[in-house]
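For reference, the structure discussed in these notes is given below.
The values are calculated or read from the model by the stated rules, or taken from the named source; none is laboratory data. This one's a predicted model, so the numbers in the text were calculated from it and none came from an experiment. Neighbour counts are summed over all protein chains in view; Cβ atoms, including those assigned to glycine, are modelled from backbone coordinates with ideal geometry.
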Amino acid sequence: MNNEFPSNIELKPSDLHGILRYVKLFRKQIFVIGIQVSLSESPNFDSILKEITILHSLKIQIIIFFYEASESSINLLPAKAYISPGIQSDLIELYNCDIKNNQKDPKAPIEYNFEALEAELKHSKLCLLSTEDPIIKINTEHFLQAIFSKVKAEKLILVGDHECPIIDGEPLTNIAASELKDLLISNDFEKFPDWFKHQSQIAIEAIALKVQRVHLLNGTINNALLNELFDKVGIGTMIHANKYETIRSAESSDVPALLHLTQNSVKKDTLLNRSTEAILSNIEHYFVYEIDGSIVACTCISSYPEEDCIEIGSVFVQPYYNGRGIGRKLVQAACEKGKTQGHSTAFAITSNAANFFVSKCHFKEANIDALPAARKIKFKEAKRNSLILTKSLF
């Protein structure tokens, strides 16, 4: 089980089915994209704008603004200053919603000329939120309310120059808004950089305004925007309001996906071969890890009530999703399931995933005496060079 996290993932032709699914899903949706001004000096900047034009060509309705974020405020900048004439022509019909300070009274509320925004989006125009002033400092909450009261956006995407934050040695690829709120008030949140603290607040406010998903993205990575949107996991941090990741019991309709997962592993000699009939007959023992409606990992739990233990087997994560904590979460859920059933111990038998079970799931090496009687017999008959690992569930 490879635990390296690829920092620059490229979509492959084999991903075409999933890509087309997202194309159909995203069509006619509204994406609000904020680009951090510092990216204008990045070699990748023109590529980001090109990716936006690709999204627009797919009939996705897009609103763009350029910003710098600070605590409780957004510094909005004149967008046209950062878009070259050549790129402007690629943006097709550019509708400019000017945001202005009140010239007579600088302390007066900022004027948002967003009345025509929804109508312009329906005419398939790419809308640019800009300002005639060099910079306008505005309250984040008020700014988001002004936008999302006029349009029902599915996504807010903040493209910056920051690496994906790390939690427990793994990239924070996604988190529910409710979990992020808890993280904000925890002691652990102090470990995160200021940019993530500021953008987390923006994300939570946007979610509260009915935006379904907020993406915090490193725009210095090649094709970052397309990879983030058209891959199930992505390469940034996604804060979501709706259900995204699910660990659940398998159903009979999941058999083809489970067979695909196990057959891929059999080819690498990491799992025993299992037929469709074998999986179907034991379907109630399988757990699956689902991302955006697609199964990307599975495990099988076998109970031994007399010995008060469970076996965690057939753990497999699609190679593309290795290193993102999916296997660990799946094993943890299996252990929790065993605990609720009253079992005191979990064990796993593996020939090449011992490091994963020990370092990520906190199992310990044991001898054959740790196995239930029936499993000892199968272990000896298999004659495989496997290790026995155990973990207390209490």
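Observations on the structure shown:
- Single residue of region 264-282 satisfying the filter (touching a helix residue (DSSP H, G or I) at 6+ places or on another chain (Cβ under 7 Å) and under 24 Å from CYS361 (Cβ atoms)) that is modelled with the lowest pLDDT: LEU271
- For region 206-263, filtered to residues that are small (Gly, Ala, Ser) and at pLDDT below 85, the residue that is surrounded by the fewest Cβ atoms within 10 Å (Cβ to Cβ) is ALA257.
- If you check ILE202, ILE167, ILE247, ILE175 for being more than 14 Å from the chain's Cα centre (by Cα) and under 19 Å from ASN322 (Cα atoms), only one passes: ILE247.
- Of all residues in region 304-332 being of a type in the set (Gly, Ala, Ser) and within 19 Å of the chain's Cα centre (by Cα), the one that is modelled with the highest pLDDT: GLY327
- Counting only helices (runs of 4 or more DSSP H) wholly contained in region 1-102, the ones carrying 2 or more residues that are surrounded by 14 or more Cβ atoms within 10 Å (Cβ to Cβ), modelled with pLDDT under 80 and touching a helix residue (DSSP H, G or I) at 6+ places or on another chain (Cβ under 9 Å) occupy 16-26, 85-90.
- Region 287-303 - residue that is more than 20 Å from the chain's Cα centre (by Cα) and buried (at least 20 other Cβ atoms within 10 Å of the Cβ) and, of those, nearest to GLN318 (Cα to Cα): THR299
- Sub-7 Å Cβ pairs linking a first residue in region 33-59 that is free of Cβ contacts under 8 Å to residues at least 24 places away in the same chain to a second residue that is surrounded by fewer than 19 Cβ atoms within 10 Å (Cβ to Cβ) and assigned to a loop (DSSP other than H, G, I, E, B), at least 6 apart or interchain, number zero.
- Where a residue in region 171-192 is modelled with pLDDT under 80 and its partner, wherever it lies, is among the aliphatic types (A, V, I, L, M), with Cβ under 6 Å and at least six apart: PHE189/LEU183
- Listed by position, the strands (runs of 3 or more DSSP E) contained in region 280-394 that have at least 1 residues being over 30 Å from ILE235 (Cα atoms), touching a strand residue (DSSP E or B) at 6+ places or on another chain (Cβ under 6 Å) and in the same structural domain as ALA250 (by TED's automatic domain parsing) are 294-304, 309-317, 345-350, 364-366, 387-392.
- Here GLY160, GLY169 are screened, and the one residue that is farther than 17 Å from SER72 by Cα and surrounded by 17 or more Cβ atoms within 10 Å (Cβ to Cβ) is GLY160.
So that you can scan it fast, the table gives a plain yes or no per residue for (1) surrounded by fewer than 22 Cβ atoms within 10 Å (Cβ to Cβ); (2) in contact (Cβ under 8 Å) with a residue 60 or more places away in the chain:
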residue: GLY313; (1), (2): yes, no
residue: LEU330; (1), (2): no, yes
residue: ALA333; (1), (2): yes, yes
residue: GLU336; (1), (2): yes, no
residue: PHE347; (1), (2): no, no
residue: SER359; (1), (2): yes, no
